[in-house]
1. State whether one or more residues within the stretch 406-422 are surrounded by fewer than 20 Cβ atoms within 10 Å (Cβ to Cβ) and at pLDDT below 95.
2. For the stretch 456-513, give me the residue count where each residue is closer than 20 Å to residue 363 by Cα and in contact (Cβ under 8 Å) with a residue 60 or more places away in the chain.
3. So for the stretch 99-110 (the condition being outside the structural domain of residue 424 (by TED's automatic domain parsing), touching a residue at least 24 places away in the same chain (Cβ under 8 Å), surrounded by 21 or more Cβ atoms within 10 Å (Cβ to Cβ) and under 22 Å from the mean Cα position of the chain (by Cα)), does at least one residue qualify?
4. What helices (runs of 4 or more DSSP H) lie completely within the stretch 268-348 and have 1 or more residues being touching a strand residue (DSSP E or B) at 6+ places or on another chain (Cβ under 7 Å)?
5. Going through the stretch 428-440 one residue at a time, which ones are modelled with pLDDT of 95 or more and surrounded by fewer than 24 Cβ atoms within 10 Å (Cβ to Cβ)?
6. Any chance the stretch 176-183 includes a residue that's surrounded by 15 or more Cβ atoms within 10 Å (Cβ to Cβ), closer than 17 Å to residue 313 by Cβ and in contact (Cβ under 8 Å) with a residue 12 or more places away in the chain?
7. Quickly run through the stretch 199-234 and pick out the residues that are farther than 30 Å from residue 94 by Cα and either assigned to a loop (DSSP other than H, G, I, E, B) or without any contact (Cβ under 8 Å) to a residue 12 or more places away in the chain (or both).
8. Among the residues of the stretch 466-479, write down those that are more than 16 Å from residue 538 (Cβ to Cβ) and either surrounded by 14 or more Cβ atoms within 10 Å (Cβ to Cβ) or within 28 Å of the chain's Cα centre (by Cα) (or both).
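The values are calculated or read from the model by the stated rules, or taken from the named source; none is laboratory data. The structure displayed is predicted, hence computed values, not measured ones. Positions of Cβ are generated from backbone atoms using ideal geometry, with glycine treated the same way; all protein chains shown enter the neighbour counts.
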C-alpha cells in the first residue's frame with residue numbers, strides 16, 4: 001500500500017473517527033485514500049485552514065479523543081501555525097497533516113513549497129517532513145506516541161506529494177495502538193507530600209488542567225474530601241469540581257480569578273499544585289503569589305517543575321498516578337478534620353460572588369453572564385477565545401462539569417471560539433449544544449465558519465457581548481498608559497449588522513438591547529435547529545476586574 005493508505009490504517013487502529021480539513025492540490029493524494037474510508041472517518045470541510053486545527057482541538061477537549069486536521073501546502077500549511085500553537089500551549093493532542101511539494105522541489109522555491117516543519121516546530125509538540133519511504137511508517141507511529149505521551153500536544157506531519165503516493169511496507173493486521181507510558185510518582189515522594197500536607201495549618205489543593213487531561217478529577221475530589229482540604233482551580237480546570245461543592249473555594253488569578261479564590265489561596269500555607277504551569281495570568285507577581293507558602297508541584301513534564309519558581313517539593317508524574325497514590329494514602333489515614341476555615345467556604349463563596357443582576361440599559365456585561373448561568377444546564381459546552389469577554393466569562397460563568405468549558409487559555413486566540421465549538425459538538429457523543437462566548441471584535445475572526453456549522457447541521461450558539469470596543473486593550477491603554485487610541489468601534493452597535501451577517505450564512509440571529517430580553521433570546525437559541533447568533537448590545541464603558549498581583553485586584557461593576 002502507499003503511505004497515505006498506511007496513515008489511514010494507522011488512524012483507524014488509533015481510534016480516529018473524525019477529520020477537519022480543506023482539500024488542495026498539495027494533499028489530494030492523501031484525500032484519495034481518505035475518501036475510501038468515508039464511512040469510518042467522518043470529514044468536515046472547514047472554510048479556513050487555521051480552523052481545521054481549532055476544530056480538532058475542540059473535538060479533543062469535549063471527547064478526550066484525537067482527530068485529524070488536514071491542509072494543503074504553502075499558505076494552507078502556514079495557516080495551521082496559530083492553531084498548532086493554540087493547541088500546544090493548552091496541551092491538546094491532535095495529528096495535523098499538511099501537503100508539501102514533491103521531494104525534488106524542496107528548497108527550490110517551487111510554487112507553494114515552504115518549510116512547514118521548521119516553521120511550526122517551535123510551537124508544536126513535534127513536527128517532521130517525511131521524505132524517506134523506509135522510515136515513513138515509523139515516523140507516523142512516532143507522531144501518535146509523542147502526541148499522547150507526557151505533556152500531550154499536536155504533532156505535524158508534512159508530507160511531500162510524491163511521498164503521499166510512495167509504496168511503503170506496512171501490515172495493518174499486526175499493528176497495535178500506541179500505549180501511553182507516563183512517569184509514576186515514587187512512594188517516597190508521595191510520603192513527603194503527605195507529610196507536608198499533614199503538617200500544614202491551612203493547606204489548599206490547586207487543581208490544574210492536567211488533572212482533567214488525565215481524567216483524574218473525581219479521584220482528586222475524593223482525596224480532598226477525606227483530607228478536608230479546600231480546592232481551588234486554574235482557568236484550564238474550570239468545571240472540574242462543581243461550584244456548589246462544599247470544598248470548592250474558587251479560582252485564584254489576576255484576570256480570570258475570583259475574590260474567594262484569591263482569598264483562600266493567600267490564607268494558605270501549603271499548596272498542593274497538580275497539573276498546572278503557574279502561568280502569569282494565574283500568578284501575577286510571583287513574590288506575592290509565593291509569599292511564605294510551601295509548594296508541592298506535580299506535573300507529567302519534568303521541565304514544567306521549577307520553570308517559573310522552584311517548589312519545595314517537585315514530583316514528575318502522571319497526575320492520575322500521583323492522585324491515585326495520594327488517595328490510597330488518605331484512605332489509610334481515614335477521615336480528617338481539616339482546618340477551621342473549611343466550614344466557612346460555602347458562605348464566603350456566596351458573599352464574595354461578583355454582582356450579575358444589573359438592570360441598566362445599555363446592558364451591563366455582567367448581566368449577560370448571570371443570564372448564561374441561569375439559561376444553560378451543566379451539560380452545555382462553552383468556548384471562549386480572548387479579550388475582556390473571556391475574562392468576564394472566566395470570572396463569572398459557573399461551570400459544573402468537566403470537559404464543558406473550553407477557553408483558548410495560553411494563546412488567547414481570537415477566532416478560536418466558533419471552529420472550536422464545531423469540533424466540540426462533533427466530538428460530544430451526547431450531542432449537547434455549545435455556546436461561543438465572544439466579543440463583537442472577536443466575532444469577526446473566522447465568522448466564515450458559521451457557514452461550516454450551518455452546512456453540517458451543527459447548531460451551536462454564538463453569544464456576542466457587544467461593547468463596541470477592543471475592550472481589554474482599551475482598559476490597558478487607559479490604566480497603564482493614560483490614553484485611548486484606535487480601539488473604539490461604535491459601528492459595531494450600529495451600521496455593522498451581525499444579524500444580517502449570520503443570516504447570510506444560513507443561521508438564525510437576533511439583536512438584544514434590554515437585559516430582560518436576554519433570557520428569552522437564549523431560549524429561542526436553545527430550541528433552534530440552526531446555528532444561532534445573539535448580538536447583545538452592552539455598555540461600551542464597562543471594565544473587567546484585574547490587577548498586578550492576586551492581593552490587589554481592582555474590582556469594577558460592584559454596584
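1. No, because not a single residue in the stretch 406-422 is surrounded by fewer than 20 Cβ atoms within 10 Å (Cβ to Cβ) and at pLDDT below 95.
2. Going through the stretch 456-513 one residue at a time, the tally reaches 15.
3. no
4. 286-290, 319-333
5. 428, 432, 433 - these are the residues of the stretch 428-440 that are modelled with pLDDT of 95 or more and surrounded by fewer than 24 Cβ atoms within 10 Å (Cβ to Cβ).
6. Yes: the stretch 176-183 contains one or more residues that are surrounded by 15 or more Cβ atoms within 10 Å (Cβ to Cβ), closer than 17 Å to residue 313 by Cβ and in contact (Cβ under 8 Å) with a residue 12 or more places away in the chain.
7. 200, 201, 202, 228, 229, 230
8. 473, 476, 477
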